[in-house]
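Quick notes on the structure that follows.
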């Protein structure tokens, strides 16, 4: 029982044994699930890339035939959203985490695209107010994320807080 308590109270680095037997069933299952997850993310990247290429083709064709600036602007913003989603997937594949900053940026661009496509004058004032409040909340999240601890590097914020309380 004492060994279990020592393991639980130990820092994260000591809890994870790098020399852990890689032939255990648990390790194999987790490793297989991680590979499947990576395969899904890679297929999403390929799909997004194909959609971006098709959308670019459509934009160039519409530039040649007719000049509809409103639709072209909406399509360009849509491509920017796809590029940001692609970047989010690349960060996930590299670091095995979802970037809060990129997620918030994608959301902001998506909301602004909808406002531009619909036109601000055609939307009710309540919806404009709600959109503004949502954008302010997203901006605050972008500011606050700077102070969030980097949990993806193995730092457990709850463990840090409990250590501070114990040291008092």
Original post:
Full extension from residue 140 to residue 69: what is 0.36 nm times the residue separation minus their Cα-Cα distance, to one decimal in nm?
Top reply: 22.3 nm
Original post:
What FRET efficiency would be calculated for the residue pair residue 39, residue 94, taking the C-beta separation as r and a Förster radius of 25 Å, to the nearest 0.05?
Top reply: 0.95
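Rule-based calculations on the coordinates, nothing more; no lab input. Treat the numbers as computed from the prediction; the structure is a model and nothing was measured. Cβ: placed from backbone, ideal geometry, glycine included. Neighbour counts: every protein chain shown.
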